[in-house]
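Here the structure is laid out as structure tokens; the discussion comes afterwards.
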Amino acid sequence: MGRLFRDVDGGVLFPQGSVVCIGAFDGLHQGHRALVRHAVSRGRQSGLPAVALSFEPLPREFFARDTPPPRLTLPRAKVEGLLGLGVEGIGLLRFNAALSAMPAEDFVQRLLVGRLQAREVWIGPDFRFGHRRGGDLALLRTMGAGLGFAAGEIEPVDHHDGRVSSTRIRECLRQGDFASAARLLGRPYAIGGRVVRGRQLGRTLGFPTANLRFPKTPALSGIYATRVHGVGAQPWPSVSSFGTRPTVDGVEPLLEAHLFDFDGDLYGRHIEVEFVAKLRDELKFPDLPSLTEQMHRDAAEARSLLSEHQRRATA
């Protein structure tokens with residue numbers, strides 16, 4: 001298990017030195033993975049631990065609190081993904097007023113050198129950090145020359161007609177283009193979490209659901225054909241609603257997955273919902289019977305789409 005820390009200041013975490021990479025890492029897409037893998041590889045060559053630095057909330061969320069930008073992943077998924085790539089330390093730095101006002105030079109001195117004893121620092125193309133985005137590769141190299149670390153920038157990762165980016169992935173999800181999103185991510189888009197109790201309205205209507213909270217602004221909303229991982233030996237076919245449930249006056253985004261022909265208790269279990277195809281946008285229905293009728297249509301369409309998806313995958 002890697003070491004997780006949240007603060008810029010504190011004791012030395014890696015006295016033997018470290019190789020550091022820095023990024024938002026929202027979605028942990030192919031570009032992010034290339035950066036992290038490079039840092040991990042450099043660390044192994046040097047016999048040093050690799051450390052990934054990110055922020056929570058993300059800076060864009062902090063500066064746009066009234067209209068936060070959509071998130072691809074929650075912090076837990078980011079941490080699990082980074083650990084899976086081989087890092088030994090993860091900094092989910094508390095992005096607050098103090099950190100936003102910190103000059104880039106202080107960030108380097110206090111965190112990169114003071115806490116992490118960085119020997120190498122790697123960033124992605126055009127990455128900026130520190131107050132008013134005053135830190136860049138040039139600053140890292142200049143300070144590193146005097147403080148004992150090297151700095152570098154990886155090449156951008158391109159796919160088809162442009163750079164792989166979280167912005168491109170969010171647009172793919174908004175359009176329901178999950179195939180393109182999967183190519184940019186390097187895996188199918190999915191949301192994981194622990195199943196929580198809802199209002200149990202779905203059970204009353206004949207559609208019991210496994211509910212996952214998403215306490216951020218999601219990158220997509222609507223009704224989807226999905227597959228649930230973590231329930232059986234194979235992904236379980238399902239139909240899912242993701243949004244604020246306008247018919248029943250919901251507020252916080254909730255992912256509700258109805259697993260076809262499933263009979264069991266999933267409360268408290270960690271599952272992952274993979275998005276396969278979008279069926280429609282969220283709608284507000286005049287009454288519950290109208291909602292139930294549409295749910296039957298959605299379920300039938302999802303079953304058909306998932307069967308076809310499975311048939312193509314095994315052909």
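For the reader, a short list of remarks on this structure follows.
- Cβ-Cβ distances below 8 Å connect the following pairs, each with a first residue in the stretch 75-86 that is under 13 Å from Ile191 (Cβ atoms), a second residue that is crowded, with 19+ Cβ neighbours inside 10 Å and among the acidic types (Asp, Glu), and a separation of six or more residues or different chains: Lys78/Asp26.
- Test result for Ala190, of a type outside the set (Phe, Trp, Tyr), under 20 Å from Ser241 (Cβ atoms), touching a Phe, Trp or Tyr at 6+ places or on another chain (Cβ under 8 Å) and modelled with pLDDT of 95 or more: yes
- Annotation: of all residues in the stretch 55-69 being out of contact with any Phe, Trp or Tyr (no Cβ under 6 Å at 6 or more places or on another chain) and assigned to a loop (DSSP other than H, G, I, E, B), the one that is nearest to His32 (Cα to Cα) is Leu58.
- Annotation for the stretch 47-60: no member residue is among the charged types (D, E, K, R), out of contact with any helix residue (DSSP H, G or I) (no Cβ under 7 Å at 6 or more places or on another chain) and surrounded by 17 or more Cβ atoms within 10 Å (Cβ to Cβ).
- Arg33 falls short on exactly one of the conditions (1) at pLDDT 95 or above; (2) farther than 25 Å from Arg163 by Cβ, and that condition is (2).
- Tally of residues being touching a Pro at 6+ places or on another chain (Cβ under 8 Å) and not in a helix (DSSP H, G or I) across the stretch 17-40: 3
- Residue check for Gly124: under 27 Å from Cys172 (Cα atoms), crowded, with 17+ Cβ neighbours inside 10 Å and not hydrophobic (A, V, I, L, M, F, W, C): yes
- Selection of the stretch 92-127 for residues being among the charged types (D, E, K, R) and modelled with pLDDT of 95 or more yields Arg94, Glu105, Asp106, Arg110, Arg115, Arg119, Glu120.
- Test set (1) touching a Phe, Trp or Tyr at 6+ places or on another chain (Cβ under 8 Å); (2) crowded, with 23+ Cβ neighbours inside 10 Å; (3) part of a helix (DSSP H, G or I) - Gly43 fails condition number: (1)
- Test: His258 is of a type outside the set (Val, Ile, Thr), closer than 22 Å to Gly193 by Cα and over 20 Å from the mean Cα position of the chain (by Cα): yes
- Scan of the stretch 145-170 for residues that are touching a helix residue (DSSP H, G or I) at 6+ places or on another chain (Cβ under 8 Å) and not in a loop (DSSP other than H, G, I, E, B), ordered by number: Leu147, Ala150, Ala151, Gly152, Glu153, His159, Gly162, Arg163, Arg168, Ile169
- If the condition is being surrounded by 13 or more Cβ atoms within 10 Å (Cβ to Cβ), aliphatic (A, V, I, L, M) and over 18 Å from Ser180 (Cα atoms), then the stretch 284-315 contributes Leu288, Leu291, Met295, Ala299, Ala302.
- Within the stretch 160-177, residues that are assigned by TED's automatic domain parsing to the domain that holds Arg280 and free of Cβ contacts under 8 Å to residues at least 12 places away in the same chain have Cβ atoms under 7 Å from residues that are polar (S, T, N, Q) and part of a helix (DSSP H, G or I) in no pair, counting only partners at least 6 apart in sequence or on another chain.
- Verdict on Pro68 being modelled with pLDDT under 95 and either under 17 Å from the mean Cα position of the chain (by Cα) or within 22 Å of Gly2 (Cβ to Cβ) (or both): yes
- Looking only at the stretch 266-296, and only at residues there that are in a helix (DSSP H, G or I) and under 25 Å from Val195 (Cα atoms), the one that is farthest from the chain's Cα centre (by Cα): Leu288
The values are calculated or read from the model by the stated rules, or taken from the named source; none is laboratory data. This one's a predicted model, so the numbers in the text were calculated from it and none came from an experiment. Here Cβ is always computed from backbone atoms with ideal geometry, including for glycine, and neighbour counts include all displayed protein chains.
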